[in-house]
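The values are calculated or read from the model by the stated rules, or taken from the named source; none is laboratory data. Just so it is clear, the structure is predicted and the values come from calculations on it, not from any experiment. We place every Cβ from the backbone using ideal geometry, glycine too, and count neighbours over all the protein chains shown.
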Amino acid sequence: MLQSAFGDSGHTTFFIKSEADFRKHEHEIVDEGEIKIMKRIDCRGSAIEGCVTREGTIVGPLMTELVGFKELTPYRGGWCGNEIFATAFPPKVRQKARDLTFKFGEQLRKEGYHG
């Protein structure tokens, strides 16, 4: 999988299996400049949000990503937002993700982060 560092979600993601696949999209890939090269893996995308305030860090739930739904995005592999799917990860994983996000936020707060 090749993905440009910037661009319209899904429109700049290319699944390349052969040289012919690359040649088909070569101008779009090469013209982008910076490109990420990733192995094709069966991963589960996720997101977690936190907000650092002067009173402490607030952490939201671990969410799964909505990717590749033709009804929601016009491009193959396009991202169209996050959904909350509580059982996508086991409770232990969800809690660890929240704990680490909280620790990260608290460290930023300790260092005087504003933004």
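Within the stretch 54-69, is there a residue that is modelled with pLDDT of 90 or more, of a type outside the set (A, V, I, L, M) and assigned to a strand (DSSP E or B)? There is at least one residue in the stretch 54-69 that is modelled with pLDDT of 90 or more, of a type outside the set (A, V, I, L, M) and assigned to a strand (DSSP E or B).
Would you confirm whether any residue within the stretch 93-112 is exposed (fewer than 13 other Cβ atoms within 10 Å of the Cβ) and modelled with pLDDT under 85? No. Candidates are the residues of the stretch 27-51 that are more than 30 Å from Gln95 (Cβ to Cβ) and surrounded by 13 or more Cβ atoms within 10 Å (Cβ to Cβ); the one that is modelled with the lowest pLDDT is Glu32. Just one of (1) more than 30 Å from Glu111 (Cβ to Cβ); (2) surrounded by 10 or more Cβ atoms within 10 Å (Cβ to Cβ); (3) at pLDDT 75 or above fails for Leu72. It is (3).
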